[in-house]
Amino acid sequence: MIIGHGSGITAGSAMRHPIEHADLIEISPAVLRADSMFTDTNYGVLSDPRVQVFVDDGQSFLRTVPRRYDIIISQPPNPWIAGVGGLFTVEYFEKVRNRLNPGGLFSFWFHAYEQSDEAVQLMVRTVGSVFPHIMLFGDNDLGNLIAIASMEPIEPDFAKMERRYQNSKIRENLARLGIPNLAALLSHHRVSQKQ
């Protein structure tokens, strides 16, 4: 499941991997209509037959969907935007946790820029209060952070990651971010939490 479409780049990048099906949740029909401006960079993700789009609020969808997921990606706008604050709460993270399959992963992308260190720490602590295992990744200037969270220990399979990196679609996608190889990707790991 991918919560929040934006430009669709995250969804398009995710679908470069061997994923059988993805539910894409976007609250704004206007955002979905604007997708045509980004098809060159999001790989035309809304045309991918493996993607099912739902115009809905992420929290409402999590509360009512009967399915469970191997991976849930959440990429809300900045928390100071009206109506978005609920996507940064313990209750939201609990809803995500309850929709994950055993061993499932939650990817939570958030901005660190234009926020105080205390606000960033609060977000990480809030995710950590629900998920006991977290890996935090950041870009070079730490303006963007991604928390990978799970109920179980996160044990990277480096051999599998290296094999996956041999896929030209994935390699090309990461090269857009200036990540030429797996070592460069792993260099963005900042910290892990295990409780």
Once amide hydrogens are built 1.01 Å from N within the peptide plane, the residues lying 5 or more places from D70 or on another chain with amide H under 5 Å from its amide H are N101
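Considering Cα pairs under 8 angstrom that are at least six residues apart, work out the relative contact order of the stretch 93-151 and quote it in whole percent. Write out the running numbers ahead of the final one.
Working: 77 pairs, mean separation 26.8, N = 59.
Relative contact order, the stretch 93-151: 45 percent.
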Chymotrypsin sites (Phe, Trp or Tyr not before Pro) in the stretch 88-179 lying in a DSSP loop, each with at most 16 other Cβ atoms within 10 Å of its Cβ, come to Y113
Could you work out which residue, out of I73, I146, I179, moves most in a Gaussian network model of the chain, that is, has the largest mean-square fluctuation with Cα springs under 10 Å? I179
Roughly how far apart, in whole Å, are the Cα centres of the stretch 1-43 and the stretch 140-195? 20
Find the relative contact order for the stretch 1-144 and round it to a whole percent, using C-alpha pairs within less than 8 Å whose residues are 6+ positions apart. 22
Among beta bridges that DSSP assigns inside the chain, antiparallel share in %, nearest 5: 55
Would you look at the GNM of the chain, springs on alpha carbons closer than 10 Å, and say which of A112, A184, A159 moves the most? A159
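Just the number please: accessible area per residue for the chain, 1.4 Å probe, all protein chains included, in Å². If you can, show how the numbers build up before the last one.
Working: 10470 Å² over 195 residues.
Value for the chain: 54 Å² per residue.
Using a 1.4 Å probe on the protein heavy atoms, what percent of the accessible area of the chain belongs to carbon and sulfur?
Values: 5930 of 10470 Å².
C and S atoms contribute 57 percent here.
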Fluctuation leader among V55, V124, V65 - the chain, Gaussian network, Cα springs under 10 angstrom: V65
All other residues with a Cβ under 10 Å from the Cβ of I170 taken together, and with Lys, Arg as +1 and Asp, Glu as -1, what is their net charge? +3
Scanning the chain for helices, which whole DSSP H stretches are 15 Å or more long along the axis (Cα) and average 0.0 or more by Kyte-Doolittle? 117-130
Charge dipole (debye, nearest 20) of the stretch 116-161; +1 at Cβ of Lys and Arg, -1 at Cβ of Asp and Glu: 120
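Counting helices only, and only those DSSP H runs with n ≥ 4, report the 222 nm mean residue ellipticity of the chain as the sum of -39,500 (n - 2.57) divided by its residues, in deg cm²/dmol to the nearest 500. Before the final figure, lay out each step's value.
Values: 9 runs with 66 residues, N = 195.
Using -39500 (n - 2.57) per qualifying helix, the result is -8500 deg cm²/dmol.
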Area of H189 that stays accessible when all protein chains are in place (1.4 Å probe, Å², to 10): 60
Based on the alpha carbon coordinates of the stretch 1-114, what radius of gyration and maximum Cα-Cα distance (Dmax) apply, in Å? 13.5, 37
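The values are calculated or read from the model by the stated rules, or taken from the named source; none is laboratory data. What you see is a predicted model; the values in this text were computed from it and never measured. Every residue, glycine as well, gets a Cβ built from its backbone with ideal geometry; the counts of neighbours run over all protein chains shown. Note: accessible area is taken over every heavy atom of the protein model, side chains too, but ligands, DNA and RNA are not part of it. Shrake-Rupley method; radii C 1.70, N 1.55, O 1.52, S 1.80 Å.
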